[in-house]
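Right, one structure below, let's go through it.
The values are calculated or read from the model by the stated rules, or taken from the named source; none is laboratory data. Fair warning: this is a prediction, and the values are worked out from it, not measured in the lab. Here Cβ is always computed from backbone atoms with ideal geometry, including for glycine, and neighbour counts include all displayed protein chains.
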Amino acid sequence: AGNKTLTIIKPFAVQKRNLGAILAKIEESGFRFCAIKTLKLDKHEAEEFYIEHKEKPFYNELTDFMSSGPITAAILEKENAVADFRFLIGATDPSEAKDGTIRKMFATDKTHNAIHGSDSDASAERECDFFFSKRERL
Ligand code: CMP
């Protein structure tokens, strides 16, 4: 039981073959996988997913990057999933991320930061629905 969060293992992490190591780290940290798939977003889909950042200066770079190659999206379950997962992944900027966090280990910069985690329960709900149909969600 517990609540849910949505993660994306971003392009580069998938291409650099860090996917297995990242998924193992997530499981070791107490999260259960409810759903998982690898797919590629087109630019329009990336813009829709990150719509809340539409006015930010990094929106174009972010959505270009997120549509540049395969990603792996997953729904994770744990008590306090959203906050605990954000702690596990670390700061958005990997140069500020603490030792042992996924971004410290696998990210290169703020755009190429290896992994996404929902920032609230409401975002998690929207993001899970974005990637997974009712049938795919446990
Ligand atoms: P993510 O958790 O996927 O959610 C929004 C993304 O925007 C974030 O990860 C970063 O990759 C990106 N981002 C946030 N702030 C900046 C910034 N100042 N410059 C570039 N990218 C950013």
Any hit, the range 126-136, residues being within 12 Å of the ligand (Cβ to nearest atom) and at negative phi: yes
Single residue of A73, A46, A97 found to be of a type in the set (A, V, I, L, M, F, W, C) and closer than 13 Å to L6 by Cβ: A73
Per-region count, the range 35-50, residues within 14 Å of E61 (Cα to Cα) and either among the β-branched types (V, I, T) or outside any helix (DSSP H, G or I) (or both): 2
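Condition check ((1) closer than 18 Å to E27 by Cα; (2) among the acidic types (D, E)) across all residues:
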{"position": "T38", "(1), (2)": "yes, no"}
{"position": "D42", "(1), (2)": "no, yes"}
{"position": "D84", "(1), (2)": "yes, yes"}
{"position": "S95", "(1), (2)": "no, no"}
{"position": "I102", "(1), (2)": "yes, no"}
Tabulated pairs, the range 46-71, first within 19 Å of S118 (Cα to Cα) and more than 12 Å from the ligand (Cβ to nearest atom), second assigned to a helix (DSSP H, G or I) and modelled with pLDDT of 95 or more, C-beta under 8 angstrom, 6+ apart or interchain: E47/Y59; E47/T63; E48/F130; S67/K43; S67/E45; S67/A46
Selected residue [more than 14 Å from the ligand (Cβ to nearest atom) and over 16 Å from I9 (Cβ atoms)] from D109, D93, D99: D99
